[in-house]
Amino acid sequence: MKTTKLRNLILELLVRIEKDHGFSHLLINQEIKKNELNPKDEALLTQIVYGTLERKMTLDYYLSKYVDPNKKIDDWVRMLLRMSVYQMVYLDKIPDHAVIHEAVEIAKKKGHRGIQGFVNGVLRNIQRNGVRDLAEIKDPLKRLSVETSHPKWLVNRWIQQYGFQTAEAICQANLKEKPMSVRIQPLKISREEAMAELEQEGFTVKPSLFSKQGIQIEKGNVLSSKLFTEGKLTIQDESSMLVAEMLKPEPGMDVLDSCSAPGGKATHIAEKMLNEGIVYAHDLHKKKVKLIEEKQRTLGLSIIHATAHDARKLKEKYAEASFDRILVDAPCSGLGVINSKPEIKYEKSEQDIERLHIIQLDILNHVADLLKDDGLFVYSTCTIEKMENEQVVKSFLKENPAFTVDGDFFKELPEELQSSIGITEYGFQLFPQSFGTDGFFLTRLKKGT
C-alpha cells in the first residue's frame with residue numbers, strides 16, 4: 001500500500017476509535033483483513049495506532065507548546081498531529097521530513113490550504129525546536145499522569161490503593177509491549193509437541209508459568225502458524241489461563257460459566273474435563289454466545305452448552321446445588337488490560353467502577369446457591385481495582401457467612417506466584433508489571449471452613 005494511503009487509513013482508524021469508542025484491537029484486525037495489508041504495513045499500522053492511543057495525553061502535552069489550547073481544531077486534524085508527533089518522537093526508522101510530508105499531503109486532501117499550512121507549521125516547529133520537557137511538570141502525580149498518559153483521577157486511585165511506586169510501575173507496564181501467549185488443545189497436541197512445531201516454523205517460545213497448557217511467544221507472529229487452522233492452539237493471556245487451573249474441573253462434572261463470552265475460559269475448562277461432562281456457558285448478549293460456540297467448534301469440543309442469559313437470573317433456570325464448579329468471570333472496568341486496549345483508560349470513570357461493584361456483587365450473591373456443598377467457586381476480573389476485586393469478595397463473604405476463601409487456593413497457585421505482592425486474604429491480584437501479563441484478579445471460594 002502506498003505510504004500516504006496507509007497513513008490516511010491509520011488516521012481514519014484513530015478517529016473512529018476515539019469518536020465511536022470502538023475497541024482498538026477489533027477495528028485494527030478488521031482493517032488489516034479488509035485491506036489485505038502485507039506484514040510490513042500491518043506492523044506499522046498496528047504500531048502507530050496503538051502508540052498514538054497509548055501516548056495521547058503525552059502527545060497533547062508536547063503539542064501544547066505550539067498549538068493554542070483555545071484554537072478550534074477539527075478532530076481529524078488534532079489526531080493527524082498526534083500520530084505525526086508520535087512517529088517523530090518515538091519511531092527511529094521514519095525520518096521527520098517523511099512524516100511531515102505525509103501529514104501535509106493528508107491535510108491538503110482532507111482540508112484546505114489553511115489547514116495544510118497549520119499542520120506544516122506545527123510539525124516544522126517541533127522538528128526545529130523539539131517537544132516540551134516533562135520535567136517542567138513539578139507535581140509528581142500530574143507528571144506521572146502526563147508522562148504515561150493515564151488520566152489523573154486513575155493515577156490518583158492507584159496511588160491511594162497501592163502507593164506511588166506500584167502505581168508508577170503499573171502505568172509504565174501499560175506502555176510496554178507484552179508477549180503474546182497461546183494455549184494448546186491437549187486432546188489434539190501436547191505442549192512439548194506444539195513448542196517443537198512452533199520452533200520449526202521459526203518462532204521463539206517458552207513454557208508458561210501459569211498453565212501446563214500455556215506457551216509464551218517471545219518472537220514471531222504466531223497467528224500465521226498452521227496450528228491455529230488445525231484447532232490445536234488458541235490465543236489466551238496467561239493470566240486468564242490461571243482461572244481454569246484454579247477452578248480444578250474434572251471429567252464428568254457439571255460446571256457453570258456464568259459470564260462466558262467470548263469463551264476462552266469455557267473452552268479451557270472443557271479441555272481440562274477431557275470433553276466429558278457439561279459446561280453451561282451463558283452471556284447476557286445473544287450475539288456474544290455465537291463467539292463461544294465458534295470457539296468450541298474451532299477447538300473440536302462438544303460439551304459446552306451456550307445460551308444467552310443474565311447471570312443475575314440464573315436461579316430461574318437452575319435448581320439450588322446444581323453445580324460442582326462455578327466460575328464468575330465478572331463484567332468489569334477492564335483496567336487490567338490497558339496494555340492491549342489503551343482506549344479503556346480514557347473512557348472509564350470512577351462512577352463506572354462503583355456501578356460495576358454493585359453488578360459484580362449481585363451476580364455473586366445470585367449464583368452462590370447454585371453451588372453444591374462440596375463444590376468450588378472462582379471469582380475473577382481483568383481489572384486491578386480493589387473496589388471490583390477484594391472489596392466485592394469481602395462484601396460477599398459478609399452477606400454469605402456459609403462461604404469462605406479456600407485456603408488451599410493460595411497453596412495451589414503456581415510456585416512462582418505464591419510470593420507475589422498481590423496476595424491478600426481475599427485472593428490474588430496480578431499486576432501487569434509482575435509477569436508481563438494482563439492485570440488480573442481471582443480467588444476461590446467454598447462452602448464451610
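The values are calculated or read from the model by the stated rules, or taken from the named source; none is laboratory data. Just so it is clear, the structure is predicted and the values come from calculations on it, not from any experiment. Cβ: placed from backbone, ideal geometry, glycine included. Neighbour counts: every protein chain shown. Each accessible area value is taken on the protein alone, full model and side chains, heavy atoms only, with ligands, DNA and RNA left out. Shrake-Rupley method; radii C 1.70, N 1.55, O 1.52, S 1.80 Å.
Hey, which of these cross-link pairs are over 27 Å Cα-Cα: Lys5/Lys226; Lys71/Lys178; Lys206/Lys372; Lys226/Lys290; Lys93/Lys232?
Lys5/Lys226; Lys71/Lys178; Lys206/Lys372; Lys93/Lys232
When only C-alpha pairs under 8 Å and at least 6 residues apart count, what is the relative contact order of the range 247-387, in percent?
In percent, rounded to a whole number, it is 27.
Express the carbon and sulfur contribution to the solvent-accessible surface of the range 69-190 as a percent, rounded to the nearest whole number, probe 1.4 angstrom.
Summing carbon and sulfur atoms, their accessible area is 47 percent of the total for the range 69-190.
If I model a spin label as a point 7 Å beyond the Cα along the Cα-Cβ vector, how far apart are those points for Glu192 and Ser224 in nm?
2.9
How many Å² of accessible area per residue for the range 174-239, probe 1.4 Å?
Working: 3220 Å² over 66 residues.
It amounts to 49 Å² per residue over the range 174-239.
Based on the alpha-carbon gyration tensor of the range 26-168 and its eigenvalue square roots a ≥ b ≥ c, which shape applies: rounded if a/c is under 1.5, prolate if not and a/b is larger than b/c, or oblate?
Taking the square roots of the gyration eigenvalues as a ≥ b ≥ c, the range 26-168 is oblate.
Given contacts defined as C-alpha pairs under 8 Å and at least six residues apart, what's the relative contact order of the range 182-295, whole-number percent?
23
Roughly speaking, what is the centre-to-centre gap between the range 411-449 and the range 356-377 when only Cα atoms are used, to the nearest Å?
Each part's Cα centre sits 19 Å from the other's.
Residue separation times 0.36 nm, minus the C-alpha to C-alpha distance between Phe164 and Lys34: what's the value?
42.5 nm
What list of ³J(HN,Hα) values in whole Hz, one per residue of the range 370-385 in order, does the Karplus curve 6.51 cos²θ - 1.76 cosθ + 1.60 (θ = phi - 60°) give from phi, with Gly and Pro shown as x?
Result, ordered by residue: 7, 8, 5, 4, 9, x, 10, 9, 9, 10, 9, 8, 9, 9, 10, 7 Hz.
What accessible area per residue, rounded to a whole number of Å², is obtained for the range 36-106 using a probe radius of 1.4 Å?
47
I need the shape label for the range 164-237. Rule: rounded when a/c is under 1.5, else prolate if a/b > b/c, else oblate, with a, b, c from the alpha carbon gyration tensor.
Cα axes put the range 164-237 in the prolate bin.
In nm, to one decimal, how far is the Asp373 label point from the Ala319 one, both placed 7 Å along Cα→Cβ?
Placing both labels 7 Å along Cα→Cβ, they lie 1.6 nm apart.
Please report the spacing between the Cα centers of the range 332-351 and the range 215-257 in Å, no decimals.
After rounding, the separation between the Cα centres reads 24 Å.
Amide H neighbours of Leu445 under 5 Å, at least 5 residues apart or on other chains, H built in the peptide plane: list them.
Phe377, Val378, Tyr379, Asp406
Normalised by the number of residues in the chain, what is the relative contact order in percent for Cα pairs under 8 Å and 6+ residues apart?
12
With the other protein chains left in place, how much accessible area per residue, in square angstrom, belongs to the range 307-449 at a 1.4 angstrom probe? Kindly include the intermediate steps, with their values, before the conclusion.
On the way: 5580 Å² over 143 residues.
Spelled out: the 1.4 Å probe surface of the range 307-449, per residue, equals 39 Å².
Looking at the chain, identify the longest residue range that excludes and avoids all GluC sites (Glu not before Pro) in DSSP loops having at most 14 other Cβ atoms within 10 Å.
That would be 37-176.
Answer rounded, prolate or oblate for the range 129-275, using the Cα gyration tensor with square roots of eigenvalues a ≥ b ≥ c: rounded when a/c is under 1.5, else prolate when a/b is larger than b/c, else oblate.
oblate
Read through the labelled values [x] 210; [y] 148; [z] 195 and report the label of the one computed as volume of the Cα convex hull per residue in Å³ from the structure.
[y]
In deg cm²/dmol and to the nearest 500, what is the mean residue ellipticity at 222 nm of the chain if only DSSP H runs of at least 4 residues count, each as -39500 (n - 2.57), divided by the residue total?
Only helices count here, giving -15000 deg cm²/dmol.
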